[in-house]
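The values are calculated or read from the model by the stated rules, or taken from the named source; none is laboratory data. Being a predicted model, the structure only gives us computed values, none of them experimental. Backbone-built Cβ (ideal geometry, glycine too); neighbour counts: all protein chains shown. SASA here: full protein model, heavy atoms, side chains in, ligands and nucleic acids out. Shrake-Rupley method; radii C 1.70, N 1.55, O 1.52, S 1.80 Å.
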Amino acid sequence: MMFSFEEVQSAVMAGEMDKVVELTRKAIEEKLQPVSIINEGYIPAMNVVGKRFKNGEMFVPEVLMAARSMNAGMELVKPLLVEGEVQVKGTILLGTVKGDLHDIGKNLVGMMIESGGYVVIDLGTDLEPEKFVEAVKEYKPEIVGMSALLTTTMLAMKETIEVLKEEGLRDGLKIMIGGAPVSKEFADEIDADGYAPDAASATELVEKLINA
Amino acid sequence: MLIVGELINSSRKAIKPAVQEKDAKLIQDLALKQIEVGADYVDVNCGTQVFNEVETMQWLVETIQQACDAPLCIDSPSEKALAAGLAAAKGNGKQQMINSITAESERYNNIISLAQEYKPKLVALCMDDAGMPETTDDRIRVIDKLINNLTKDGIKEEQIYLDPLVKPVSTGDEAGLEVMDTLRYIRRSYPGVHTICGLSNISFGLPNRKVLNRVFLIQTMTAGMDGYILDPLDKEMMGAVYASRALLGQDEYCVNYLGAHRKGLYK
């Protein structure tokens, strides 16, 4: 049997990790371009997963299984990639703001965005505005995504944006926010560029902000 | 068993405009209705009013008190909003509840003095500066610290309602089990301390959430949970509450089960 991209795609979508690994091995044996395994196998599959998740046809555990399967395949492909071969669609910094330790939503967002072919740098939780500043200087991301789950820590998003402005880093940088108490109105009020209510919408928002 | 009615929360679609337009009637009706169907406490949460939470909390508490003298659960991570709510609630002469303190040092220090001053029932959330607990052992470490500090600061064990911190089972297979294990530890180590949780976190990311929420109530109640923050107008949920209490020997002669049956409070 010849390797087929359709087969690896459906294995990723179904979250069949062992099968993804087996098919990836086969692809490598058949001397397929490593980068094409990613671009024509994994990423289209994860895009479908993202859409189905958004439409309520797939659910969080299934998305996690799909991502885990893709990552298992990636482990095999990564060492074979030539530097610069994989086109990076963009870099996104993610973090939960100062005073807030919640991370489940942020982690889901990170996973979904990463599956879409972006580089995600997760700075963690309880981040002082200065941490965002340092990271923006170091990684030069296209987008900074901030999360807060507490009504008391939402205002730390505002503070972080203000500090980024003071440091002269706001221009050319897109900022998106999310978290249970956050809204579109709040995003507008604190001068963020976008708000996403859930992980599926966050991926779409990233696409929109990058292509804006 | 302690039921806190969760419906007066400005993050809910039906409540947000009522809070912003100061629709006293809607708020009062909702407080009365929750008490009528069996809530012991009425939760008051206006955290989405980020820029005027304190004034909104005061208005909500005063408004509810004009209609009834139900004890209130003042619900906010902000000590300013808690202080405003507690001060405004003084009139009803009841022991209020506050939700919540944690073992995070800043939040603990901000809120403990309010607990000492007003002597409310106190929801204590199992998290500290190290972050969200991942395992049962993490929770146990935080619980030991919390109980030790709270009792040292003059809070009585029976005032404390430990919230074991419920995480979604969609992102961790053991999420339900960890809560159950934690409850057994609390029952064993601190029999005088109460426990409480909300029910919706467990089902995040999954379909048919009501089924998961309801079964989780039954399972946690069996493991010793004795407080819930829930929607008391949800008749199927209340059916699980009344039936579980009867089946766990918490309802002598099934009086409450039968009384609620006659009033049509559950199905």
Across A:144-156, the residue-averaged tally of Cβ atoms belonging to other chains within 10 Å stands at 3
Computed from the mean reciprocal separation of all distinct C-alpha pairs, what Kirkwood hydrodynamic radius does segment A:91-211 have, in Å?
13.7
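Taking all pairs of different Cα atoms in segment A:1-138, averaging 1/r and flipping that mean, what Kirkwood radius in angstroms comes out?
Details: mean 1/r = 0.0624 Å⁻¹.
About 16.0 Å for segment A:1-138.
Within the protein assembly as shown, what whole-number % of the accessible surface is contributed by carbon and sulfur, with the 1.4 Å probe and all protein chains included in the calculation?
50
Based on DSSP H runs of at least 4 residues, each adding -39500 (n - 2.57), what is the mean residue ellipticity at 222 nm of chain B after dividing by all its residues, to the nearest 500 deg cm²/dmol?
-15000 deg cm²/dmol
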Under 1.5 on a/c is rounded, so check that first for segment A:108-157, then, if it is not, pick prolate when a/b is larger than b/c and oblate when it is not; a ≥ b ≥ c are the square roots of the alpha carbon gyration tensor eigenvalues.
oblate
At q = 0.11, 0.22, 0.23, 0.24 1/Å the base-10 log of I(q)/I(0) from the Debye formula over the alpha-carbon atoms of segment A:5-80 is -0.24, -0.86, -0.93, -1.00
Per residue, accessible area of chain B with a 1.4 Å probe, heavy atoms of protein chains only, in Å², comes to 43
Log entry, pair A-B: total buried accessible area, probe 1.4 Å, protein chains only, in Å² rounded to 100, is 1600
Once Lys and Arg get +1 and Asp and Glu get -1 on their Cβ, which of B:Gln20, B:Ile35, A:Leu164 lies farthest toward the positive end of the dipole of the protein assembly as shown?
B:Ile35
Please compute the Cα-Cα pair-distance distribution of segment B:138-267 with 5 Å bins starting at 0, giving whole percents from short to long.
2, 10, 19, 20, 19, 14, 10, 5, 1, 0
Could you give me D for the protein assembly as shown, from Stokes-Einstein at 20 °C and 1.002 mPa s, where the hydrodynamic radius is the Kirkwood radius over C-alpha pairs? Units µm² s⁻¹, please.
88
Segment B:28-98 - Rg over Rh from alpha carbon coordinates, Kirkwood radius
0.94
Here the relative contact order (percent) of chain B, from C-alpha pairs under 8 Å and at least 6 apart, is 15
Compute the Rg/Rh shape ratio of segment B:2-263: radius of gyration over Kirkwood radius, all on alpha-carbon atoms.
0.95
Could you size up the charge dipole of segment B:9-135 around its Cα centre, putting +1 on the beta carbon of Lys and Arg and -1 on that of Asp and Glu, and report it in debye to the nearest 20?
380
